[in-house]
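Undergrad: Sharing a structure with you now.
The values are calculated or read from the model by the stated rules, or taken from the named source; none is laboratory data. Note that the coordinates shown come from a computational prediction; the quantities given were computed from them, not determined experimentally. Cβ coordinates were reconstructed from backbone atoms using ideal geometry, including for glycine residues, and neighbour counts include every protein chain displayed.
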Amino acid sequence: MTRRGSGAPRSPRRGAASSAPVSLITLALLFAMPVFFVPGHLAEEFEFTKVMVLVTGALVLLARWVAAESSRITSAGFLSWLRALPRRIAGAIRHDPLGGAVALMLLSALASTVVSIRPALSLFGAPQSRAGFETIAAMTALYYSSRSLASSPLWIRRVAQAAGAGAAVAAAYALLQIAHLDPLTWSRQSSFGGLLRAGSTVGHANTLSAYLVMCLPLVIWLASGTRSRAGKIGWLVLAAASVFISVASLSRGAWLGLAGVALTALILLPASGGRPSRGWVLAAGAVALVALLLPLVTPMRTQLLDRVHQLTDLKAETTRTRVELWRAGIRMFRDHPGLGAGLDAYVAAFPRYRTTTLTEIEWGGTPAKAHNDAIQILATQGIPGGLAALAILVLGARAVWRVARHGGPELRGAAVAVGAALVGYVLPSLVGFGTVATSALAAALAGWAARAARAPAAHAVEVGGATHHGAPQEGAPVRSKWNLAAGLILAAALWYVLVDRPLAAEMRLADAMRYSPASVQREDFLERAAEAAPWDPRYRAELGRAFFFRGLSEQDPSMSLDLLSRARGELTQAVRTAPENGENRILLASVLSTQTTLSPDRYPKQEVREAFRSAVALDPLSPVVLVGATRGLVASGLDQDAHALALRAARAYPGYAPPFADLGAIALEQGRNADAADTLRLALRRNWRGDEGSMASAWNDLARANLALGRYREAMDAADSALAHNSRLSQAFVTKETAKRNMEQKQSRAKK
C-alpha cells in the first residue's frame, strides 16, 4: 500500500485528466490574446481588455496551483511541507534554470512595484501599456503551465495551432482594413504619409506585424508537418498573408524581425540536422517573394519606399524619437539603478527627462514606453530586472539550441520554429515593445523549450520512484474539494480587485466620454469610475475637470464657487494619488486661480503662485504645463510671474505660438499696445498645433491692440479673423463694431 504524498508515480491517464483544464485554459489564452477586443465599449479597446482576459485565466491557474499545494500541506503536514520547500525550490532551479530566471524576473517585478514612485500604477500597469505586476505574474503563470504540459509531444503543435489560429483571425481583419472594407469606424488610427496602417485586432500596425512575424516560423512549421493538402495550403496562405501584412505595415521593427527569423532558421536548421526538400524551398521562396513584392504594385508603393529610405536616415523623425526615448530611459536607469523607477512607471517618471527635441517631434502627451524593452526593463526594474532578462535570454537560447541539437526528430523541427519565433519576439522589441499577445506566446514557447531541453533527464528522475524528490511534480493532484475551494476563494478575491474593479471603472469612463464635458451625466459616470478604482488618478482628474468646466459656465456665482470647490476636492485627491503628475497639478492650480478671481478675499494669490510653481517644477519642459501655468497666473493677476514663465516657454519652443500670444496678452493688459501688437503678429505667424481657440483669442487681442492704437481697419480685419476661428467670440464682435464706429466717426470728422 502506498502512502499519500509518497513518490509513487501517477498513471498517465490520471495525469492527462488532471492537466486537461490547464491545457484548455492555456490554449484558450494563446488564441484570445491576439484576437479579443471590445470596440466602442471601453476607453482602451485593445491591450486593457486582453490583459483582463489574461489575468482571469492566470487566476484560474493560480486556483488550481493553490489547491494542489494545499493538498501537499494536508498530506505531509505544514511543517514538513515548509521544511521541504527550500529543497523543492533548489531542485526546480537545478532542473529548470530558465524557470529560475523567470522566477527572478517575477521577484524583480514585485520589488520594483513595492518601491515604485507610484506602486498602484506598477501593480495594474500604466494606461495604454498595462505591463504591470499583474501582467508579469500572469505571463509567469503561462510559462509554468506550458512547461507542465510540455512532456506531451503534441503540446508544442497545439501551441503553434492556437497561435496560428489567432494570427489567422488578426490577418483576415487586417486584410479587410487594407482593402478599406473595415465594418468598424475608428476614431484613432495610425497613418504614415496619408496611408492608414492596419491595426486589426491588436490596435496598431506595429504590434500587429510583430505578432504575425513571431507566428510566421510556427505557421511554416505547421505547414511542413501537415499531411493534409488543404491544411498545408491553408497554413502557407496564412504565412504569405503574414509576410504581406508585415511589409505593408511599414513597421521597421517587423522588418527587423523578419530578417532575424530568417537568419535564425538558417542557423538552427543545419544544427538540427534538418534539410527541407528542394521543392519545398522553391515553393516557400516563391510565396515569400510574391508577398514581399506585392505591396510595391499597390497604392502604398510611395509610402513603402519612403519608409525603406528611413531605415538608414538618422534624421528621420521616427528615428530621432526613438533615440530621445532611449536616452531618457538610460538617464532614468542612472538615477534609479537599484530597482528602477517602478515597474511600468516609465510614463510617471518621464516628465523629469523630457527634452525639447522630443517634444517638438512628438507634440503633446507623455510616452508610456521607452520603445526598447531592454532599456525599459533597466529604467523601471533596475539592475535585478536587467540581469533577470539577460538570464532569460541566454538560458532560453541555450534550451532551444539543446533541443535543436539533441532532441528527437519532431522536437528538433519544433525547436527551429520556436527559436526563430523567439528571435522574432526579441528583435522588434528592441525598437518597440512587447505586447500582451507577443509576450504570452513567448512565455508559452519558452516553457516548452525549458521542458523539452531537460526531457531525457526529467524522464529518468520522474520514473525513478523515491529518487524523484529533487524535481517538482508538475500538475500535482487536488485531493479534496476543500483544497479546490480554498484556491477558488483566493482567486475570486484577487479577480475582484485586479479585474472586476478596473473593468468597471473603464466601462464607466467610456460611458462618461459620450457626454459633453460640462454635463451632469458625465460627472455621474466619472464619479462611479473613481469609486470603482480609487487608486487610479485619471478618474478623479477627469471628474475634477468636469466640475471645473461646469463651474466656468455657471452664471450663479455661489453655484460656480460650489462647483469649483468640488473640482478642487477631486483634483486634490488625484494629485495626492499621483504627486508626480504635472498636468493634474496645473488643472488644480487653474481651479485655484479661478477661485481667486471670483473670491479674492477667501483664496489668496500666494496659494495660486505656489501651486503653479510646483506643477512647473515637476514637468519643466512640458508646453501644456508651461502655457497652462502662464494663463492661470495671468487670470490671477500675477503678471510678473506669468511674463517670466511665458518667456521661458518661448525660449524653449520658439516655433510654438501660444507663449508669444501670452506675452502679447500680458503687454496688452499692461497698456503697452504697440509691443502687444508686434508680439501678437509674431505669434500668429507661428505654429498653433491645432489650438483654434487660442488662435482666435490672439486675433482678438490683436484687434484690441490695433483699436487702442487707432488702427481701425487693421482692428476690423483682426476681429474678422478671430470670428473666423471662433464665431461665438462675442468680444471680437464688439471690438469690430467699435472699430467700425470709430473709423466712421474719424472719416466724418475728416469730411467736416
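Undergrad: Given (1) under 27 Å from F612 (Cα atoms); (2) charged (D, E, K, R); (3) without any contact (Cβ under 8 Å) to a residue 60 or more places away in the chain, where does R689 come up short, assuming only one miss?
TA: (3)
Condition check ((1) buried (at least 16 other Cβ atoms within 10 Å of the Cβ); (2) touching a helix residue (DSSP H, G or I) at 6+ places or on another chain (Cβ under 8 Å); (3) in a helix (DSSP H, G or I)) across all residues:
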| site | (1), (2), (3) |
| --- | --- |
| P600 | no, no, no |
| E610 | no, no, yes |
| V627 | yes, yes, yes |
| V634 | yes, yes, yes |
| Q640 | no, no, yes |
| A649 | yes, yes, yes |
| P658 | yes, yes, yes |
| A667 | yes, yes, yes |
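Undergrad: Looking only at region 249-266, decide whether some residue is β-branched (V, I, T) and at pLDDT 85 or above. Explain how you work it out, then say what you get.
TA: Here is the first cut: in region 249-266, the ones β-branched (V, I, T) are 261, 264.
From what is left, the residues that are at pLDDT 85 or above are 261, 264.
Yes, region 249-266 has at least one match.
Undergrad: Right, something else. With respect to R197, determine if the residue is touching a strand residue (DSSP E or B) at 6+ places or on another chain (Cβ under 8 Å) and either of a type in the set (D, E, K, R) or crowded, with 24+ Cβ neighbours inside 10 Å (or both). It would help to see each step written out before you state the result.
TA: Working: touching a strand residue (DSSP E or B) at 6+ places or on another chain (Cβ under 8 Å): yes; either of a type in the set (D, E, K, R) or crowded, with 24+ Cβ neighbours inside 10 Å (or both): yes.
Here the answer is yes, as R197 does meet what is asked.
Undergrad: Taking A644, is it more than 30 Å from M743 (Cβ to Cβ) and surrounded by fewer than 23 Cβ atoms within 10 Å (Cβ to Cβ)? Before the answer, list the steps.
TA: Numbers: more than 30 Å from M743 (Cβ to Cβ): yes; surrounded by fewer than 23 Cβ atoms within 10 Å (Cβ to Cβ): yes.
So A644 passes the test.
Undergrad: Here is a further query. Taking into account only those residues within region 276-304 that are assigned to a loop (DSSP other than H, G, I, E, B) and modelled with pLDDT under 70, which is farthest from A420 (Cα to Cα)?
TA: So in region 276-304, the residues assigned to a loop (DSSP other than H, G, I, E, B) come out as 276-277, 298-300.
Next, from what is left, pick out any that are modelled with pLDDT under 70: 276-277.
Working: P276: 16, S277: 19 Å.
Across region 276-304, the extreme among qualifying residues is S277.
Undergrad: Among the residues of region 66-115 satisfying the criterion of being basic (K, R) and farther than 19 Å from L387 by Cα, which is modelled with the lowest pLDDT? Walk me through how you get there before you give the answer.
TA: Here is the first cut: in region 66-115, the ones basic (K, R) are 72, 83, 87-88, 94.
Going one step further and asking which of them are farther than 19 Å from L387 by Cα, we end up with 72, 83, 87-88.
Working: R72: 85, R83: 89, R87: 90, R88: 89.
The selected residue is R72.
Undergrad: So in region 25-58, with the set limited to residues that are assigned to a helix (DSSP H, G or I) and within 21 Å of L526 (Cα to Cα), which one is modelled with the highest pLDDT?
TA: Checked region 25-58; the qualifying residue modelled with the highest pLDDT is M52.
Undergrad: I would also like to ask the following. Picking from P557, P579, which residue would you name as being of a type outside the set (A, V, I, L, M), outside the structural domain of G125 (by TED's automatic domain parsing) and farther than 25 Å from S519 by Cα?
TA: Criteria check complete, one pass: P579.
Undergrad: Quickly run through region 540-550 and pick out the residues that are among the small types (G, A, S) and touching a Lys or Arg at 6+ places or on another chain (Cβ under 8 Å).
TA: Of all residues in region 540-550, those among the small types (G, A, S) come to 541, 544, 546.
Passing the criteria: G544, A546.
One line per residue, one yes/no per condition, for (1) under 30 Å from R528 (Cβ atoms); (2) crowded, with 24+ Cβ neighbours inside 10 Å:
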| position | (1), (2) |
| --- | --- |
| R545 | yes, no |
| R550 | yes, no |
| D556 | yes, no |
| L561 | yes, no |
| G569 | yes, no |
| A574 | yes, yes |
| S590 | yes, yes |
| A617 | no, no |
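Undergrad: Moving on. S614: hydroxyl-bearing (S, T, Y), in the same structural domain as E737 (by TED's automatic domain parsing), within 37 Å of the chain's Cα centre (by Cα) and assigned to a helix (DSSP H, G or I), yes or no?
TA: Values: hydroxyl-bearing (S, T, Y): yes; in the same structural domain as E737 (by TED's automatic domain parsing): no; within 37 Å of the chain's Cα centre (by Cα): yes; assigned to a helix (DSSP H, G or I): yes.
No; evaluated as a whole, the condition is false for this residue.
Undergrad: Within region 528-540, how many residues are in a helix (DSSP H, G or I) and surrounded by 18 or more Cβ atoms within 10 Å (Cβ to Cβ)?
TA: Going residue by residue through region 528-540, those that are in a helix (DSSP H, G or I) are 528-532, 537-540.
Cutting the leftovers down to surrounded by 18 or more Cβ atoms within 10 Å (Cβ to Cβ) gives us 528-530, 532, 537-540.
Residues flagged as in a helix (DSSP H, G or I) and surrounded by 18 or more Cβ atoms within 10 Å (Cβ to Cβ) within region 528-540 amount to 8.
Undergrad: I've got another one for you. Helices (runs of 4 or more DSSP H) wholly in region 305-396 with at least 1 residues that are modelled with pLDDT of 95 or more - which ones? Walk me through how you get there before you give the answer.
TA: Values: elements: 317-335, 346-349, 356-361.
Ranges flagged: 317-335, 346-349.
Undergrad: So for region 207-226 (the condition being assigned by TED's automatic domain parsing to the domain that holds G432, part of a helix (DSSP H, G or I) and free of Cβ contacts under 8 Å to residues at least 40 places away in the same chain), does at least one residue qualify? Even if it seems obvious, please write down each step before you answer.
TA: Here is the first cut: in region 207-226, the residues assigned by TED's automatic domain parsing to the domain that holds G432 are 207-226.
Pick out the ones that are also part of a helix (DSSP H, G or I) and you get 207-225.
Next cut, free of Cβ contacts under 8 Å to residues at least 40 places away in the same chain only: 223.
Yes: one or more hits.
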